[in-house]
There are 4 protein chains.
Amino acid sequence: MEKLNFASDYTQGAHPAIMKMLVETNLEFTPGYGTDAYCESAKEKIRLACGAPDAEVYFLSGGTQTNMTVLDAILAKYEGVIAAETGHVSVHEAGAIEFTGHKVLTLPHTLGKLDAATVENYVKGFYADGNFDHMVFPGAVYISQPTEFGTIYSLRELEALSDVCKQYGMRLYADGARLAYALGCPENDVTLPDLARLCDVFYIGGTKCGALLGEAVVIPKKGSVPHFFTIIKQHGALLAKGRVMGIQFDALFTDNLYLTLGAPAVEKAERIKKALTEKGYTLYFDAPTNQIYVLLTDEQYASLGEKLIMSFWEKPDENHTAVRLATSWATTDGDVEKLLTVM
Amino acid sequence: MEKLNFASDYTQGAHPAIMKMLVETNLEFTPGYGTDAYCESAKEKIRLACGAPDAEVYFLSGGTQTNMTVLDAILAKYEGVIAAETGHVSVHEAGAIEFTGHKVLTLPHTLGKLDAATVENYVKGFYADGNFDHMVFPGAVYISQPTEFGTIYSLRELEALSDVCKQYGMRLYADGARLAYALGCPENDVTLPDLARLCDVFYIGGTKCGALLGEAVVIPKKGSVPHFFTIIKQHGALLAKGRVMGIQFDALFTDNLYLTLGAPAVEKAERIKKALTEKGYTLYFDAPTNQIYVLLTDEQYASLGEKLIMSFWEKPDENHTAVRLATSWATTDGDVEKLLTVM
Amino acid sequence: MEKLNFASDYTQGAHPAIMKMLVETNLEFTPGYGTDAYCESAKEKIRLACGAPDAEVYFLSGGTQTNMTVLDAILAKYEGVIAAETGHVSVHEAGAIEFTGHKVLTLPHTLGKLDAATVENYVKGFYADGNFDHMVFPGAVYISQPTEFGTIYSLRELEALSDVCKQYGMRLYADGARLAYALGCPENDVTLPDLARLCDVFYIGGTKCGALLGEAVVIPKKGSVPHFFTIIKQHGALLAKGRVMGIQFDALFTDNLYLTLGAPAVEKAERIKKALTEKGYTLYFDAPTNQIYVLLTDEQYASLGEKLIMSFWEKPDENHTAVRLATSWATTDGDVEKLLTVM
Amino acid sequence: MEKLNFASDYTQGAHPAIMKMLVETNLEFTPGYGTDAYCESAKEKIRLACGAPDAEVYFLSGGTQTNMTVLDAILAKYEGVIAAETGHVSVHEAGAIEFTGHKVLTLPHTLGKLDAATVENYVKGFYADGNFDHMVFPGAVYISQPTEFGTIYSLRELEALSDVCKQYGMRLYADGARLAYALGCPENDVTLPDLARLCDVFYIGGTKCGALLGEAVVIPKKGSVPHFFTIIKQHGALLAKGRVMGIQFDALFTDNLYLTLGAPAVEKAERIKKALTEKGYTLYFDAPTNQIYVLLTDEQYASLGEKLIMSFWEKPDENHTAVRLATSWATTDGDVEKLLTVM
C-alpha cells in the first residue's frame, strides 16, 4: 500500500482549473517570453487584486530563482540583505544569494519572524560603527509570509518593518512562496493590497499554492527596478513559453481562486492539530497556517514512517524528533481521515 | 482574422502525449526536486536512447539557464568558453555567462557553425602567446546543434571539434535547444549516442521540441561534474515540482517520440522552401532543419506582415529584409497550405 | 654584460622625488586606508590640476584592479562596457571585467582607438533591434589615453565620444595608465581639465609614470558613484597603508612633476624613431607617445635579442616580427645612445 | 603637540632595511609581474624558512585582497568557507568573499579562535542533514594567526583543525596578516614549517609586519592551486612592478628579520599590560601578542582621547568603552614611556 504523503505542499500537480486551461489553450499560438495575452491578463488581474494599478508583474519559475533575481536586482553592489537566520535565503538556497555577489546578513528570529526592533537595532549599530564603510551595507530586508515556520506577520508587524526600512533607506522584500496559506488563515490581517503598499517587491507563490510552477513577482511602484526583464534573462530565469505561467496565474486569479484555495488547507491543518493534541501528541510549536510541527519520540517517528511521509524538522534531543506535516489546496477530507487513523 | 504564425517553434503548447500524461498524473503524490519516479524513468529512457548507461541526467527549465549553469559548472574560474560570434551564449542571453564570471571567447562562424580548424588555430595562438597567463584560458567549446542558423554539424565535423577539445584540455558542450529537428533531418548523421560519445555535456531541448518547458542535461561520464545538483540549486534552476519536467521527458522518450517528432517539421520546411523558390522567393541561405530564411523586399515584408507573423532576421541592405520562418512538431499541413497561399 | 632594457615603462623603480619623500616620511604616524594627510594633500593637488574642485579622488594599486573596480561600480547589473577589441580590458586582464559579471562589448579599432561613429552605429543598432532587452545593454565606453598602441585621442575625438555617450545614457571612462606620456606629447591637445570635463571617471596612471605603484581615480562629479570607498574595499583594492600612494601622488603633483615628466620620454622616443628610420628600419606603425613599434626580420629579432630586451608585439608574417620599445621618465640620453649603437 | 598613536600596527612606513633596499635598487631594470630576480630570491628565502622547498609563493598587496583571491581559488563553486563569526572575512571585508560568489559560514569563537570540535560538529551536522545538497558545502576553514583578538592557536589546536579539515575534505587556510607577532610571542609554538605542513594555503603578512605593503601567499604543495597566477590577475591583484613586494620580502627574510621583528613588539605590549594593570587599569581580555585590550570608563576614554590615538573596540555597557592599543616593529621604548605617562 502506498504511504500517505504529508511531506509538503508541492507533492501534487496543479489545481484542476489550471490543468483545464492549459489543455484548452494548448494549441493556440502565442508570442514568447511573457509577452502573450494570457500573461497580460494574469498581470492585470494581479494588479487588480493588489490594488496596485501601476504595478509591474513578472512570472518566474521557482522560489530560489525569484529570491536570487529580485535581490540581485534591488541591491546595490555594496549592499547585502538582512534575513532571519532561519530564512530560506540564509540556509536552503545553496548560496544563490552569495552567488550573485551579495551577503545575507542574518539576525535572530522568533519562530521564523524578524522583529522590527531587532532590525532597527542592527542597522542603528551598523551606522554607529566608525568602520561601517568597510562592511556590507544593509540594503534590503527579506521576510517570508508565511515564514518557514508557518507563522505570519501581522499588519502591525509588517508596518513596523516597513517603517524601519524606509527610515534607513532599505527595501522591503516579501517571499510569498506559500502566500495563499497566509491569505487563507483566519488570524491573518495582511492583504495583497497591504503587501503592495508596504513592500518594495514581493512575490505571490504559485508552485506551493496550486500551480505546476511559477511565482508572480509584484513591483508595486512601476519603474523602480529598471530593466528587470533583462535581469531576469541574465539570471537564466526567463521562460520561452511564458504562457505556461501566464495561463496558470490567469486561472489562479480568476474568481478569486488564489484568495480562497488556502483556507480549506488551513482549516484541515487546524483540524489535524486539534485531533493530534487530543490524541496526546505534542505540537513542537504552533503555527497558524498549513504547516504542522509535531514532536515525536524516535520510536513514534520510526513506526509512523512506515505508513506516512513526513518532513524531518530537527532533533531537539537524543530521544525525540520534530517533524513537519503540511496540508495543501489538494488535501482531501479523506487524506485527513487517513492521517488521523495512522497517527 | 488571426494572423498565421511561423515566428518560432515555441509558439504553441505541448505535444498531446505530454498533456495527456500531465493530466493523468496530476493528483499523484511525488517527492520534489527531481527525485520522483517520473524523473527517474525519463532519465533511464534518455540514458538508453543515448547509449550511455552511466550518464547523469538533469532537467532544467530553459536554454539560457541551462547554458549558464552547465558552463559555470564545467569551467574553472580562470577559464572562458569559445563560441561562434553568433552563438546564443554570445549574443542573446543578456550576459548570463558573464554574470557567472566567465568570458565568452567569440570566433568567426560559417552559417552559425564553428570550424575545428578555426578553434585549433585560436587555441594554438593562445598558448603561443608569451602572455597567455594574463588572459582568459579557453576551457570549453560551445556549439549548438542545430545552430542558430538552422545548420547542423556532420559527424565528421563534430569528431574534429571533439579532437581539438581533447588535445587542448577543453570540454565540448552542445546546446541542443532544437535537437529534435537535427535528429529529424535527412542529412543529419549525428545521433544521440554520438553526442554522448563526443561531448562532455550536452542538452536535449524540450521547450522548442514539444514540451511546455524543460531541457535535459546529459553528462555522459558520471561524476565528471561534481555536485551538479547543488550547482543547479545555486543558480536558481531547481524546480520544486521536478516531476513537471520528468513527466514531459518521460513522454518524449516513450515510443521514440523525441526521435520522430522532428522529421515532419523538417519535411514541411523543405516543402515550404521548395514552394517559395518556385514562387520566385530567394532563400537568404539554405538550412536543412526546421528554420527557413527568406530574403524579402521591404515592401514584401510590410505587406506579408499584415497576414503572417515572421521573425525579423536582419537587414542586409536598405531595401531588403531577411526573415526567419520556423515549422515545429505542431505545424499542420493546413498551416503550410495557408502559408503558401499567403506568400 | 647586462642587456639593454626597453621592454616597457614599468621596468625601473620610482622617480627620485618620490623615493625621497617616502624615505623622509617613513616613520611618521598616519591613519590608514587613505584617510591620511598625504592622501588629502595629493587629492587636493589633483583636483586643482584637473580644474575640478569637487572631484572625488581615490588611489588604487594597479591598472586592471582600477578598471575592474571602476567599471563594476559604474555599470548597472544588466550593462556591459564597450571597448576596442584591442582594449586592455578586452584582452589582457584575464577576464577581470567578466569576473565582476559584466560583458566587454568589443568594437573595431583604428590603431587602438575607438571612433565615435563606430560607437554610435553600434548603439543605434542595439536599440533598433527588437530583441535588445535580451541582450547586454551598453552602459559605458572604455578608452585608454594613450591607447595600447601609443596613439592618442584628440580633443575633438574625445568630445565626439563624450557626445555619443551622453546621447545614449552611457558613461565615458578613460584608462590613463600612461597618461603622463599623452600629456607630454607635442601633438596632444587633451588636458586634465578636458578629461575631467568629458569623462564620468578616469584614472591618472602612476605605475607606468614614475610611481612604484598607484593609480589615481578621478570622479569629477562628486557623489556620482555612491559608496565607491566600500566598493574598493569589496574588490580587495583598499591598501591599509594608503599613505604609500598618497605620498607618491603628492610628489607627482608637486611642481607639476606629472605634467612634465612625460615630455622627455616622448622626445627620446621621437629621436629613436627618427634614427631608426634613417638606419633603414621600418616602423610597424607610428605612435606619437613613448612607445615605438618596429618591424624586424626574424633574423634581426633574434640577433638584437641577444643585447636588447624588447616586447614582442605580433608576427605579421612568417619572416617578420613586430616589436615594441618603450621609453619612460627614467630613460637617459645614455640609454638612447646605447640603443642606437645596438640597433 | 601631536598625539601619541597606538591605534594600529600599520600607522608607520617600512622597516629601515626595506627602505634601504628599495632606494638602492630603485633604478635597476627588472621584468614585471613578479618575474624579477628579487621576487625569486624572496620566494626562495621563504621556501627555506618554511621548510617547504617545493612551495609556490606569490606576493599580493593587502589582506582582504589576499583572502578573497585565495579563497575564491581554493573553493569549488558550490562551496563556502567556515570562519569564526569575528573573522576578518566575516565582518570587515565589505563582502569581498561573497563578491566572489562564496558564502562565509560563521561559527562561534573563543577570543577570535575556532575550535576543532566546533568545526567538526558543524560539518558532521551538515552531512547528517538530508537536505545538505540544497545548502552551501563547507569547502575550507579560515583562521587567522594571530586572530583579530590577538590570540594564537597552539600547535595542538592547529593540528586538530587540520585533522578535521582532512577528514571532511576541507582545505585549511591561515590569514597571517600579523604573523610576525605570533612568531615573536614567547608562548607561541607554531612555526612557519608547522604552518606549511598543516595548512593548504597561508599568507605571511607584510603590511602590518614591517612592509609598506605586501602579503606572501604560500602554497606548500606545488600545483595544488592550478593557474593561481591568472586568478591573481583576474582578481585585479597582480602588481606590474612586482619587485616592490619582492624587494620588501627579500629584506624581511634576510638575516631572519621577519622571525625576529615581532618579539620586541610583543615584549613592549607585555610591559604595557603589566604597567597598566599596576596602575589599576582593567584589561578587557588578555592577548599574548602585540594587541592590548583595555576597559575604560567613558570619562577615561574621552580624556585619554585628547592625547592618545586608540582603536575603539566595543562598548560593553553604557558607561564603559573597550579599546585596543597595538605595538609594532617600529614602537620605541620612548613611545612606551610616553604612553605610560599619558595613561
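The values are calculated or read from the model by the stated rules, or taken from the named source; none is laboratory data. It should be emphasised that the depicted structure is a prediction, and the values quoted were computed from it without experimental measurement. Please note: Cβ atoms are built from the backbone with ideal geometry, for glycine as well, and neighbour counts cover all protein chains shown. Keep in mind that these areas ignore ligands, DNA and RNA; they rest on the heavy atoms of the full protein, side chains included. Shrake-Rupley method; radii C 1.70, N 1.55, O 1.52, S 1.80 Å.
So here's what we get for this one:
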| read-out | value |
| --- | --- |
| For the stretch C:66-106 and the stretch A:227-262, distance of Cα centres in Å | 33 Å |
| For the stretch B:144-158, Karplus couplings with θ = phi - 60° (6.51, -1.76, 1.60), whole Hz, Gly/Pro x | 10, 9, x, 6, 5, 9, x, 8, 10, 7, 7, 4, 4, 5, 5 |
| Rg/Rh ratio calculated on Cα atoms of the protein assembly as shown (Kirkwood radius) | 0.98 |
| Within the protein assembly as shown, percent of DSSP bridges classed antiparallel, to nearest 5 | 55 percent |
| Dipole axis of chain D (+1 Lys, Arg; -1 Asp, Glu on Cβ), positive-most option in D:T277, D:P138, D:Y127 | D:P138 |
| Most mobile listed residue (B:A84, B:A52, B:A177) in chain B, GNM with C-alpha springs under 10 Å | B:A52 |
| Normalised contact order of the stretch D:108-253, rounded percent, pairs of Cα under 8 Å and 6 or more residues apart | 18 percent |
| Pairwise centroid distance, computed over Cα atoms, of the stretch B:155-206 with the stretch A:1-38, Å | 33 Å |
| DSSP-assigned coil residues among GluC sites (Glu not before Pro) in the stretch A:1-83, each with at most 16 further Cβ atoms within 10 Å | A:E2, A:E28 |
| Within straight-line cross-link reach of A:K20, lysines at Cα separation under 22 Å, skipping those fewer than 8 residues along the same chain | A:K43, A:K45, A:K208, A:K241, B:K20, B:K241 |
| Dipole magnitude (debye, nearest 20) for the stretch C:193-267, charges at Cβ of Lys, Arg, Asp, Glu | 360 debye |
| Computed magnitude of the charge dipole of chain D (debye, nearest 20; Cβ of K, R +1, Cβ of D, E -1) | 540 debye |
| Kirkwood estimate for the stretch D:211-273, i.e. one over the average of 1/r between Cα atoms, Å | 14.3 Å |
| At 7 Å out from Cα toward Cβ: B:K222 inter-copy label distances (nm, ascending) | 3.7, 5.5, 6.6 |
| For the stretch A:170-178, Karplus couplings with θ = phi - 60° (6.51, -1.76, 1.60), whole Hz, Gly/Pro x | 9, 8, 10, 10, 10, 8, x, 3, 10 |
| Exposure rank, largest accessible area first [C:T191, C:T331; 1.4 Å] | C:T191, C:T331 |
| Fraction of beta bridges assigned by DSSP in the stretch C:159-305 that are antiparallel (%, nearest 5) | 65 percent |
| Amide proton proximity set for C:S144, modelled H, under 5 Å, gap of 5+ | C:D175 |
| Qualifying GluC sites (Glu not before Pro) for the stretch C:147-187 [loop in DSSP, other Cβ within 10 Å: at most 10] | C:E187 |
| Antiparallel bridge percentage (DSSP; both residues within chain D; nearest 5) | 55 percent |
| Nonlocal amide H pairs with C:L296, under 5 Å, H built at 1.01 Å | C:T321, C:A322, C:V323 |
| Positive minus negative residues near B:F229 (Lys, Arg vs Asp, Glu; Cβ under 15 Å) | -4 |
| Cβ-Cβ FRET estimate between B:R197 and B:K279, R0 fixed at 60 Å, reported to 0.05 | 0.90 |
| Loop sites in the stretch D:263-323: trypsin sites (Lys or Arg not before Pro), DSSP, at most 10 other Cβ within 10 Å | D:K279 |
| Average partner coverage of D:74-83, which counts Cβ from other chains inside 10 Å | 4 |
| Teacher prompt: C:E278 distances to equivalent labels in other copies, 7 Å Cα→Cβ, nm | 7.8, 7.9, 11.1 |
| Peptide-level mean, for C:55-66, of C-beta atoms on other protein chains within 10 Å | 4 |
| Label point distance in nm, C:A128-B:S303, each placed 7 Å from Cα along Cα→Cβ | 2.4 nm |
| Vicinal HN-Hα couplings computed from phi for the stretch D:31-47 (Karplus, 6.51 cos²θ - 1.76 cosθ + 1.60; Hz; Gly/Pro x) | x, x, 6, x, 9, 7, 5, 5, 4, 4, 4, 4, 4, 5, 5, 5, 4 |
| Rounded to the nearest 20 debye, dipole of the protein assembly as shown from Cβ charges on Lys, Arg, Asp, Glu | 0 debye |
| Mean residue ellipticity (222 nm) of chain B, computed from DSSP H runs ≥ 4 via -39,500 (n - 2.57), nearest 500 | -11000 deg cm²/dmol |
| Computed over the stretch A:135-180: relative contact order in percent, which uses C-alpha pairs under 8 Å that are six or more apart | 57 percent |
| Under 5 Å, built H, 5+ apart or other chain: amide partners of A:R171 | A:A140, A:V141 |
| Where B:T321, C:T106 fall by accessible area, highest first, once all protein chains stay in place (1.4 Å) | C:T106, B:T321 |
| Estimated distance in nm for a label pair at C:E337 and B:T110, the labels positioned 7 Å out from Cα along Cα-to-Cβ | 6.0 nm |
